[in-house]
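Below: one structure, written as C-alpha cells.
The values are calculated or read from the model by the stated rules, or taken from the named source; none is laboratory data. Note that this is a predicted model, so its numbers are computed, not measured. Here the Cβ positions follow ideal geometry from the backbone for every residue, glycine too, while neighbour counts run over all protein chains shown.
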Amino acid sequence: MSSKLNLDALSQFEWLIMNHLWENEKASAREVMEAMPGEAQRAYTTIQTYLERLVDKGYLTKEKIGMVNFYTAQVPRESAVDGATSTFIDRVFQGSGSSLAAYLLKNNKLSNDDRKQIQDILKQGEDNG
C-alpha cells in the first residue's frame, strides 16, 4: 500500500463496494455482486475488475482461499470519508468548513434532528473548552 492514498478517488460504484466490505469485513466477488442493490447490478467480471482496481489503489487486500479470492478493506471507512470530505470542501468551498455548514443551514439541507445534533456537538465543545 502506498504511503499516501488519494482518498477522494473513489467512484460512486467503488463507494458501494467499499461500504459492503466495511460492513462485512471480508467478501468474495460473488458476495459483493449479490449484495449490490438493483440499480447497481453489474456482471461478475465487472465486479472482479472493480475489486482489483481497489486493490491496486490500496483500498483493499486480497487473499486467495482455495479457488476463491476474498477481499478485505485496507483503509478504514473514517479515513476514506475524511479524505473525500476534505477534498470536497477544498474544491467547492475553498477549504472553508464553515462555508459548507452555512450552505447546509441556509438551504434547508438539514433536518430538525440534524440541527439538534449539531447544536449538541457545539454545546459539548463549549463545555469542554
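Scan region 7-30 and tell me whether some residue there is over 30 Å from Tyr103 (Cβ atoms), of a type in the set (Gly, Ala, Ser) and assigned to a helix (DSSP H, G or I). Taking every residue of region 7-30 in turn, at least one turns out to be over 30 Å from Tyr103 (Cβ atoms), of a type in the set (Gly, Ala, Ser) and assigned to a helix (DSSP H, G or I). Residues that are of a type outside the set (Ser, Thr, Tyr), part of a helix (DSSP H, G or I) and under 29 Å from Gln48 (Cα atoms) within region 61-106 comprise Arg77, Glu78, Ala80, Val81, Asp82, Gly83, Ala84, Phe88, listed in sequence order. Just one residue in the set Gln74, Gln124 is more than 22 Å from the chain's Cα centre (by Cα) and of a type in the set (S, T, N, Q); that residue is Gln124.
Confirm whether Leu122 is free of Cβ contacts under 8 Å to residues at least 40 places away in the same chain and either surrounded by 12 or more Cβ atoms within 10 Å (Cβ to Cβ) or in a loop (DSSP other than H, G, I, E, B) (or both).
On the way: free of Cβ contacts under 8 Å to residues at least 40 places away in the same chain: yes; either surrounded by 12 or more Cβ atoms within 10 Å (Cβ to Cβ) or in a loop (DSSP other than H, G, I, E, B) (or both): no.
Answer is no for this residue.
In the set (1) on the phi > 0 side of the Ramachandran plot; (2) at pLDDT below 90, the condition left unmet by Gly66 is number (2).
Just one of Tyr44, Tyr50 is aromatic (Phe, Trp, Tyr) and either surrounded by 13 or more Cβ atoms within 10 Å (Cβ to Cβ) or in contact with a Leu (Cβ under 9 Å, 6 or more places away or on another chain) (or both); which is it? Just a single option satisfies the conditions, and that option is Tyr50.
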